[in-house]
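Visitor: I have a structure I would like to understand better, so I am pasting it below and will then ask my questions one at a time.
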Amino acid sequence: PAGFTPIAGTKSLWLGRPACNSPTDCVLYTGAYGNDWDQFLVSREFTVSGNVTITFQLRYDSEASYDLLTLYYAKSDQVLHELKHWSGTGTEAVSQTVTAANHDGKITFLLQFESDNGFSDEDGFVDSKGAATVDNIQITDGAVTIDTQNFETSADGATNTPDFHWLCLGPPAAF
């Protein structure tokens, strides 16, 4: 459908896609999200030593003030610390830094999309282009790049990156 285009290249990560009944019916350009969804994009744990910065391109489209996309990080204790959240419609070149004083040498990132019990594509009160589209993730430890993801080599409908550095969890979420 019109408007369901990747941010860059030929593929992006989509949070808010219909579930796939089989690998062959997952198409890249499908989108939308439902009521009461709780989806996650989780990184593996990275070993770090300095200030850690995560950057990515983001497009989001959800019910303003009620459906929420949140970026978290966790240290080795896996307690989540919010870095930023988004709601409504917009695009952004995201850049968030966790200072060395705020991690213990281990860091994990998590993007969570949560929708409430109404006003989504499922009930027809919202006509979104998918809750969130993410592309070109880069994580740096000081000046050293420790992970990059552009999703170009991810299989359509996959729930993890080919290197297993990122995993999608929860109701429908796929690359």
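The values are calculated or read from the model by the stated rules, or taken from the named source; none is laboratory data. Because the structure is a prediction, the values reported are computed rather than measured. For neighbour counting, all protein chains shown are included, and Cβ atoms are generated from backbone atoms with ideal geometry for every residue, glycine included. Note: accessible area is taken over every heavy atom of the protein model, side chains too, but ligands, DNA and RNA are not part of it. Shrake-Rupley method; radii C 1.70, N 1.55, O 1.52, S 1.80 Å.
Visitor: Take the Cβ-Cβ distance between Thr99 and Tyr66 as r, set R0 to 41 Å, and report the resulting FRET efficiency rounded to the nearest 0.05.
Guide: Using R0 = 41 Å, I get an efficiency of 0.80.
Visitor: If you don't mind, another one. Assigning unit charges at the beta carbon (Lys, Arg +1; Asp, Glu -1) and nothing else, what dipole magnitude in debye, to the nearest 20, does the chain show about its Cα centre?
Guide: The dipole magnitude comes to about 520 debye.
Visitor: Using a Gaussian network model of the chain whose springs link C-alpha atoms within less than 10 Å, name the residue from Ser43, Ser95, Ser115 with the highest mean-square fluctuation.
Guide: It is Ser95.
Visitor: While we're looking at this one, here's another question. With the other protein chains left in place, how much accessible area per residue, in square angstrom, belongs to the chain at a 1.4 angstrom probe?
Guide: About 45 Å² of surface per residue is accessible.
Visitor: Could you give the length gained on full extension between Ala143 and Phe40, defined as 0.36 nm per residue of separation minus the Cα-Cα distance, in nm?
Guide: Result: 34.3 nm gained on full extension.
Visitor: Let me ask something additional. Please build a GNM for the chain, connecting alpha carbons under 10 Å apart, and tell me which residue among Gly157, Gly130, Gly90 fluctuates the most.
Guide: Answer for the Gaussian network model of the chain: Gly90.
Visitor: Which whole-angstrom value gives the distance between the alpha carbon centres of the stretch 105-147 and the stretch 54-92?
Guide: The stretch 105-147 and the stretch 54-92 have Cα centres spaced 6 Å from each other.
Visitor: I would also like to ask the following. Taking the dipole about the Cα centre of the stretch 46-175, with the C-beta of Lys and Arg at +1 and of Asp and Glu at -1, give me whichever of Val94, Thr133, Gly157 is farthest to the positive side.
Guide: In the stretch 46-175, that residue is Val94.
Visitor: Could you please state how large a percent of the accessible area of the chain is carbon and sulfur, counting protein chains only and using a 1.4 Å probe?
Guide: Answer for the chain: carbon and sulfur cover 53 percent of the accessible area.
Visitor: Continuing with the same structure: Tell me, what HN-Hα J-couplings in whole Hz come from the Karplus equation 6.51 cos²θ - 1.76 cosθ + 1.60 at θ = phi - 60° for each residue of the stretch 78-83, using x for Gly and Pro?
Guide: Running phi through 6.51 cos²θ - 1.76 cosθ + 1.60 with θ = phi - 60° gives 6, 7, 7, 10, 6, 9 Hz.
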